[in-house]
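> Have a look at this one.
Every number in this text was worked out from the coordinates using simple rules, so none of it is lab data. Quantities reported herein were computed from a predicted structural model and do not represent experimental measurements. Note that each Cβ is placed from the backbone with ideal geometry, even for glycine, and that neighbours are counted across all protein chains shown.
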Amino acid sequence: MDKKLSLIEKFKMFRKYQFLLNYSLFKPFYKNKFFSLTFHITTRCNAHCLMCFNWQTMNKNLKDLSLEEINKFTKNIGNLPNLSLSGGEPFLRDDIVEICKIFKKNCQTNKIAIPTNGLLPELIIKKTEEILKTCPVRLKLCLSLDGTGQVHDEIRRVDGAFEKFKKTLQAAIALTKKYPKLQVNINTTAFTANQNNLEELVSFINNIPEIKFHNIEFIRGAFNNHEAETITPEKYDELIDKIILKSKSLNNDKYHKKIYALYHNLAVKILKTKKQLVRCRAASHIPVIDALGNVYHCEILPPIANLKDYNYDFKKIWNSETAKKQRQNIAAKKCYCTHLCYQIQNIPMSPYYLIKAIFAK
Ligand code: SF4
Ligand code: SF4
């Protein structure tokens, strides 16, 4: 069990998350102001993961938004401090460096996260270095690891995937010595295929001193349920204290750990009750755009509209009647999910849950 925070630490934790609380306390001021954007830049991928939630559009020869189209929509989205360039496998886009530069120029983006399956070590490192050399942003390379050895290969359905992951990881860590603006994180999706391997996986990552952050999330989204199965809430509950919160990387930040502990406990309750327990405000400030130009409040709900039908005017879509109606449904708690990217922001955006996290043991 963790210790309670001292009074000074409680204050420091409040100050750390206050900017997120402001999004809900001063709502009119934050209208059309976004904390982050998740942009899926391609529908192509070189893995075939069991738990992929993009499986319906993956590798179907669909046309990804071009640089010109990206340039158009970013010109009216406004300031975007954070950006996640996802996929598919984002490094399969030859122009990933140019995409980063467009966001830096048009949206003054300062922090970019790129989740990758790590299957192309040379290409990933080459492009990462190019971004770091030519685009002045803080870059997080988020390598996905879902098991150790054979477990990882079987989940990716790629022979030798774990070895390639290790090669990418080592090279990425070496790059952090040269570029202080680079951080390497690990992402894990927990589901039945790896539930019995998680302990070994956490200990593998804990033994790598350079890794400061290891994110473990319950499977989510529209995954193909013929291929993957969710962990039962009871099993997940058991894993939280025993394994998930043992992650050394999480222990590097005691304030973050408080939020994560509350998130995981809430996720179990959400799974059991099938209800939106914390009001979802994150969907209003962290939009999603897929590689085809569809705009979403989040990756779980249906798209609001496509950029191509609105002459790439993002704000027009965001302020459309369809968007307003979907936001009313969200506020009426007609949807629920355990999506970490949103719930982890919803906690500090709620005065009640932020205080609960600050005062938790
Ligand atoms: S790496 Fe990501 S996008 Fe590719 S198959 Fe796996 S989960 Fe899907
Ligand atoms: S609760 Fe989940 S499904 Fe509903 S809006 Fe928020 S992120 Fe989307």
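> Could you work out how far apart the two model spin labels at L62 and S6 are, taking each label as a point 7 Å from the Cα in the direction of the beta carbon, and quote it in nm?
Here the modelled spin labels are 5.3 nm apart.
> Given 0.36 nm per residue, what is the gain on full extension from K272 to K126 after removing their alpha carbon distance, in nm?
Separation in residues times 0.36 nm, less the Cα-Cα distance, equals 48.1 nm.
> Turning to a different aspect of this structure: Based on the inverse mean of 1/r over its pairs of different Cα atoms, what is the Kirkwood hydrodynamic radius of region 152-279, in Å?
It works out to 16.1 Å.
> So, one more: Taking the alpha-carbon set of region 238-361, what are its Rg and Dmax in Å?
Taking only Cα atoms of region 238-361, I get Rg and Dmax of 16.6, 51 Å.
> Right, another one. State the Cα centre-to-centre distance between region 113-130 and region 309-333 in whole Å.
34
> So what are the radius of gyration and Dmax for the Cα set of region 63-181, in Å?
15.1, 46
> Now for a separate question. Given points 7 Å out from each Cα along the Cα-Cβ axis, report the K16 to T192 separation in nanometres with one decimal.
If labels sit at K16 and T192, their model points lie 3.7 nm apart.
> Moving to a separate point now. Could you work out which residue, out of N79, N187, N224, moves most in a Gaussian network model of the chain, that is, has the largest mean-square fluctuation with Cα springs under 10 Å?
Of N79, N187, N224, the Gaussian network model singles out N224 as fluctuating most.
> Quick one: if you stick a label point 7 Å off each Cα along the C-beta vector at N79 and N32, how many nm between them?
Reported label-point gap for N79 and N32 is 1.5 nm.
> As an exercise, find the ratio Rg/Rh for the chain from alpha-carbon atoms, using the Kirkwood inverse-distance average for Rh.
Computed over Cα atoms, the ratio is 0.93.
> If you don't mind, there's one more thing I want to ask. What is the distance in Å between the Cα centroid of region 267-288 and that of region 206-258?
Value for the Cα centre distance between the two parts: 17 Å.
> Which whole-number percentage describes the relative contact order of the chain, with Cα contacts under 8 Å and a sequence gap of 6 or more?
Dividing the mean separation by the residue count of the chain yields 21 percent.
> Determine the calculated [θ] at 222 nm for the chain from helices alone, applying -39500 (n - 2.57) to every DSSP H run no shorter than 4 residues and normalising by the residue count; nearest 500 deg cm²/dmol. Working shown, then result.
Values: 14 runs with 156 residues, N = 361.
Value at 222 nm, helices only, nearest 500: -13000 deg cm²/dmol.
> Where Rh is the Kirkwood radius over the Cα pairs of region 284-354, the temperature 37 °C and the viscosity 0.692 mPa s, what D in µm²/s does Stokes-Einstein return?
252
> Now for a different question. Efficiency by 1/(1 + (r/R0)^6): what FRET value for D309 and A331, r their Cβ-Cβ distance, R0 = 30 Å, to the nearest 0.05?
0.75
> Kindly state, to the nearest 0.05, the FRET efficiency for T134 paired with K178, given R0 = 22 Å and r defined as their beta-carbon distance.
Calculated transfer efficiency: 0.90.
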